[in-house]
Each structure stands twice: as structure tokens, then as C-alpha cells.
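S.K.: Got a structure for you, written out below as C-alpha cells; questions coming shortly.
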Amino acid sequence: MAATIVRFFLNGRPTEVMVRPLMTLQTVLREVLGYTATKAGCKQGGCGSCTVLVNGEPMVSCLLPVEDVADQEVTTLEGLTPAEGLHPLQQAFFENFATQCGYCTPGMIVVAKALLDRNPHPDRATIIEALSGNYCRCTGYEPIIRAVEDAAHRLNGGRP
Amino acid sequence: MTVQSYYLPGSLAEATALLAEQGPALLVMAGGTVVMPLINEGISTPQKVMGLRRAGLNYVRHEDGAFIIGATTPLARLLESDVIPMLREAARHTATWSIRNMGTVGGNLFVPPPAGDLAVALLALDAEVKLVRAGGERIVPLSAFWTGFLQTVLAADELVAEIRVPEPGGLTAFRKFGRKQANTPAIVTLAVHLVMADRRVQEARVALGAVGPHPLRARQAEAALIGQPLDTATIATVAELAAAECEPFTDAIASDWYRRRMVKVQLSRVLMSFVAEG
């Protein structure tokens, strides 16, 4: 079983890891690099808790061999969080009670980030459709949808 | 994980050469949305896996009245405005954003029902599949591609390289009926292509998904459409025929009885939508 060295950019930083064949990005992030914001839920691509951005596009890291992202740009929740304080999405999730157990939150936020990067003024239906691959078993989704609307409002220069 | 080797060939030629050399022991994977869950769960325990993400099969070209789609083109690519509207509609209703970024057009031909919504639209559009092996290739109509549940005409040394989709010459409609609006397995997926002449149906293709071992053409329903006006009597007959000839199954989503009922109801509605359009 030959190990391979894979290089990619993690939150803008050149990163090099030694991996076993077909090791997933999820395993590398959590178990090799210690980036545990990305969660390990179903490992079936069904729950969305392991979602990361690859070149800005949401992908589920549990189904993605890390060798497939060689030389690509991977963004996790850690990469969105500023050195001081919170990202507007994080702040909006916090203030709108969009987090209960927190397990789905990193996936929700990175997908919301990808959505707002493409569409700064999404309507409610667009937000729901974008988040439809991310399961939350606590909140009933309403606070999460409100948080994304609120974050969009803030990022567009509106007052919280 | 017991995988000993993971190959990421950089071209189609490299991929088919690897397949010829390694034989059926080499598990082929495109976007990984079907294969990786099985490996993560320990249901599939391959020693050698080949991923096609770097094999140069991610492209959409428009030539001679047809769209040529590379097999590993992500489903998300079909959401763009330059694509046949029915394919766009089908892609929008297939899986979720992240899975559409990973799952591929070619890979969608290999997913077990009730998944595989895009393939239903490809079938209604009379797509053809280019199969390539080291030193040869052949074109197979999609309607002759599947032979059973998770079974196709693909030989052990062949790969699906390309899907050719002729631009539709008539009316098209796609409908996925599930238990939710998004991210839902289908109860039934329907894709229809009709060519009308003098207010009568001249050509008909009715494709059904999630009601058989693979996407099916409802041949009896199609035959009953030919030469007929799209009136309520024709639509009732055709919907009954499609419901009778499909091969629905029972799963956690719906019973075979309900799926058959919904073929009738939903196909009626799809055909009525053509009438409403005039």
C-alpha cells in the first residue's frame, strides 16, 4: 500500500500531506491536519456536514479522494473565520439561534458562503434550495434560513 | 480501508490502457458519489480504484445539431444557459448542489433507481453513448445501453467516454415527482419528447425513471400516441398503457402500487401541459 504525497491549498495556505490510496479529504482534514470544523456525519454524501469549498464550489469531503484535489483550493469553516471575531455569517447564525447542537453548522455556513458569493441577494426559495443538501435535526431550519437572509443583509451593507 | 492503489489517469488513452492491463479488478469511478459511499460503508472493498476526474472528459461541445458531453462533466455544468432546456431542468432536479458539483453525466447512467434522474432526460432525448476501449470505440443508443438492474452493455475493458445528445426537434417536458421539492429520491421521473404535425403526434419518446430496473422507454404508450391528437381520450389511454407497462418496485420512498398510480397521474399531467401550451 503505497503512500503518496499530495499538495493542495488549504484556506489559502500551501499544504502537503502523505496519504494512503483513496484517503478522503474529510479524513485528511480531521485526522491528519486537525481541521475538525468539517464534520464526519453519514460518510454517504447525504447529510452535508462535511461540506467544504473546492475552488469555491461546495463538495462533500467524505466522497472526495484527497488526491483528486491536488493543486486545488480547499476552503473550510476555519478559513472563513477571521483572526478576531466572527464572519458575518457566523455572527448571523449566532444571533438568530441558528445553531443548537452545532454539528451541521460548518456545512451550512460554507454552503451559505458559496451562495452569497454567487448571489448577494438570494430570495428565500433560493436559500432553501442551496441548503437542501445540509441536514439539521435540531432547529427546524427556520432560524438557519433567517440567519442567511440576515447575513446577506449585513454583507450588503445593511444594519444588523 | 483496504484499497492498495488509486489511479488518476491524465487522459482517456491512459485510462483505457490501465483498464486493459488491470482488467475487471480495477473499480472505475468518476465523481465518486456512488462508489465512495459503498467503500466508506465497507460494502465495496476494491483493491484497485481508478478515478476519472483528470482523464480529460469534462467538456460540453455543440456541433452538428448535437451536444457532445464528456462523461465526467459534472452535473452542475448542465445548469448553464447554453444547454438544452430539458437537460437543465433534469440537472436541477438531480441530487443537491454539492453532489451536482461532484456527480457526473456519465456516472448518472450507472446509479441504481430510484436515483438517476438526468439519465431519464437523456433517454427521452435519444442520446447516444460513446464507449471506448484501448484500440477501439463504438456508439450505442442509450435506449440499448441498459440490460438490467445495474447491468449495461459496457464490456469489462470499455469506458463511457462521451454522451451525444441531439437537439430536440419538438416539445419537451421533464417532471420529477418525489416526496419533497428538492434533494429527494423519485417516486417517478418522467421525460417526454413529442414532435407534432397538423395537431397530431408524429414522433413520441416517453422515458420513465424509478419505475423499473433502469430508465425505461414506455414503448406501448409511445405507439399509442403516434398519429393521434393530444386530446383527453388519447392522454387517458396513453397514461394507462404507461402505467401498465412500467415495472415499479417498492422501497422506503413508495410502494410499487403507488408508483404505478403516479405514472398514470403524472404522465397525464405532463401531456396535458403540452395541450395547455397549445
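S.K.: Counting only helical runs of four or more DSSP H residues, what would the 222 nm mean residue ellipticity of chain B come to if each run contributes -39,500 (n - 2.57) and the total is spread over all its residues?
M.R.: Helix contribution divided over all residues of chain B: -9000 deg cm²/dmol.
S.K.: Set Lys and Arg Cβ to +1 and Asp and Glu Cβ to -1, take the dipole of the protein assembly as shown about its Cα centre, and tell me which of A:Gly45, B:Leu150, B:Pro168 lies farthest positive.
M.R.: A:Gly45
S.K.: To the nearest 10 degrees, how steep is helix B:232-245 against the longest Cα principal axis of chain B, on a 0 to 90 scale?
M.R.: Relative to chain B, helix B:232-245 is tipped by roughly 40 degrees.
S.K.: What are the ³J(HN,Hα) couplings of the stretch B:91-102, residue after residue, when phi is run through the Karplus curve with 6.51, -1.76, 1.60 and θ = phi - 60°? Round to Hz, x for glycine and proline.
M.R.: 5, 4, 9, 9, 6, 10, 3, 5, 6, 5, 6, 10
S.K.: List, in order, the whole-Hz ³J(HN,Hα) value for each residue of the stretch B:205-222 obtained from phi through the Karplus relation with A = 6.51, B = -1.76, C = 1.60 and θ = phi - 60°; use x for Gly and Pro.
M.R.: Running phi through 6.51 cos²θ - 1.76 cosθ + 1.60 with θ = phi - 60° gives 10, 10, 10, 10, x, 6, 10, x, x, 6, x, 10, 8, 8, 5, 5, 5, 4 Hz.
S.K.: Calculate the length of the line joining the C-alpha centroid of the stretch A:116-132 to that of the stretch B:35-69, in whole Å.
M.R.: Between the Cα centre of the stretch A:116-132 and that of the stretch B:35-69, the gap is 28 Å.
S.K.: Semi-axes of the equivalent ellipsoid for the stretch A:88-155, please: Cα gyration tensor eigenvalues, times 5, square-rooted, ordered largest first, whole Å.
M.R.: 17, 13, 10
S.K.: Rounded to the nearest Å, what's the spacing between the alpha carbon centres of the stretch A:25-67 and the stretch B:200-233? Just the number, please.
M.R.: Rounded to whole Å, the Cα centres lie 43 Å apart.
S.K.: Ok, one more. How long are the semi-axes of the ellipsoid equivalent to the stretch B:193-278, from square roots of 5 times the Cα gyration tensor eigenvalues, in whole Å, largest first?
M.R.: They are 24, 12, 10 Å, listed from largest to smallest.
S.K.: Hey, could you get me the Stokes-Einstein D for chain B, Kirkwood radius over alpha-carbon pairs, 20 °C and 1.002 mPa s, rounded to whole µm² s⁻¹?
M.R.: This corresponds to a translational diffusion coefficient of 111 µm²/s.
S.K.: Could you identify which residue out of A:Ala37, A:Ala70, A:Ala125 has the top mean-square fluctuation in a GNM of chain A using Cα springs shorter than 10 Å?
M.R.: A:Ala125
S.K.: For A:Met18 and B:Gln4, what is the calculated FRET efficiency with R₀ set at 22 Å and r taken between the beta-carbons, to the nearest 0.05?
M.R.: 0.85
S.K.: Let me ask something else about it. Excluding A:Arg124 itself, calculate the net charge of residues whose Cβ lies under 15 Å from the Cβ of A:Arg124, where each Lys or Arg counts +1 and each Asp or Glu counts -1.
M.R.: -4
S.K.: Which of the lysines could a cross-linker bridge to B:Lys48, judged by Cα under 26 Å and excluding same-chain residues fewer than eight apart?
M.R.: Reachable lysines: A:Lys43, B:Lys130.
S.K.: Next question. Quick check on the exposure proxy: order B:Arg53, A:Arg118, A:Arg159 from fewest to most C-beta atoms within 10 angstrom.
M.R.: A:Arg159, A:Arg118, B:Arg53
S.K.: While we're on this one: How much of the calculated P(r) for the stretch B:151-205 lies past 12 Å, in percent of all Cα pairs?
M.R.: When all Cα pairs of the stretch B:151-205 are counted, 77 percent exceed 12 Å.
S.K.: Quick check: pseudo-label points 7 Å beyond the Cα along Cα→Cβ at B:Met272 and A:Glu73, how many nm apart are they?
M.R.: Placing both labels 7 Å beyond Cα along the Cβ direction yields 4.9 nm.
S.K.: When B:Glu21, B:Glu222, B:Glu245 are ordered from fewest to most other Cβ atoms inside 10 Å of their Cβ, what list results?
M.R.: By the 10 Å Cβ count, ascending: B:Glu21, B:Glu245, B:Glu222.
S.K.: For B:Ile187, which sequence-distant residues (separation of 5 or more, or a different chain) have an amide H within less than 5 Å of its own amide H, given hydrogens modelled in the peptide plane?
M.R.: When sequence neighbours closer than 5 places are left aside, the close amide H contacts are B:Phe177, B:Gly178, B:Arg179.
S.K.: Related question: Using alpha carbons only, how many degrees (0 to 90, rounded to 10) separate the axis of helix B:12-22 from the longest principal axis of chain B?
M.R.: It is inclined by approximately 70 degrees.
S.K.: Mean Kyte-Doolittle of at least -0.5 plus a Cα span of 18 Å or more along the axis: flag which DSSP H helices in chain A meet both, please.
M.R.: Membrane-span-like by this rule: A:105-118, A:142-155.
S.K.: To continue, here is another question. If you line up the Cα atoms of the protein assembly as shown on their principal axes, what length do they span on each, largest first, in Å?
M.R.: 71, 59, 41
S.K.: Something else about it: Only Lys, Arg, Asp and Glu count, each charged at its Cβ (+1, +1, -1, -1), so figure out the dipole size of the protein assembly as shown about its Cα centre, rounded to 20 debye.
M.R.: 760
S.K.: Give me A:Val60, A:Val110 sorted ascending by neighbouring Cβ count inside 10 Å, so fewest comes first.
M.R.: A:Val110, A:Val60
S.K.: Also, quick follow-up: Please report, in debye to the nearest 20, how large the charge dipole of the stretch B:171-277 is about its Cα centre when each Lys and Arg carries +1 at its beta carbon and each Asp and Glu carries -1 there.
M.R.: Dipole magnitude for the stretch B:171-277 comes out near 320 debye.
S.K.: Under a point-charge model restricted to the Cβ atoms of Lys and Arg (+1) and Asp and Glu (-1), what is the dipole moment magnitude of the stretch B:60-166 relative to its Cα centre, in debye to the nearest 20?
M.R.: The calculated dipole for the stretch B:60-166 is roughly 220 debye.
S.K.: While we're here: Between A:Phe9 and A:His153, what FRET efficiency comes out of the Förster formula 1/(1 + (r/R0)^6) with R0 = 30 Å and r the beta carbon distance, rounded to 0.05?
M.R.: Given R0 = 30 Å and the Cβ-Cβ separation, E is 0.45.
S.K.: I've got another one for you. Going out from 0 in 10 Å bins, what whole percent of all Cα-Cα distances in the stretch A:15-154 drops into each bin?
M.R.: Result returned by the calculation: 13, 44, 32, 10, 1.
S.K.: Go through B:Ala224, A:Leu86, B:Ala13 and say which Cα lies farthest out towards the positive end of the charge dipole of the protein assembly as shown; charges sit on Cβ, +1 for Lys and Arg, -1 for Asp and Glu.
M.R.: The Cα lying farthest towards the positive end belongs to A:Leu86.
Laboratory data are not the source of any read-out in this text; all were calculated from the coordinates shown. Quick caveat, the model's predicted, so the values are computed rather than measured. Positions of Cβ are backbone-derived with ideal geometry, glycine not excepted, and every protein chain shown enters the neighbour counts.
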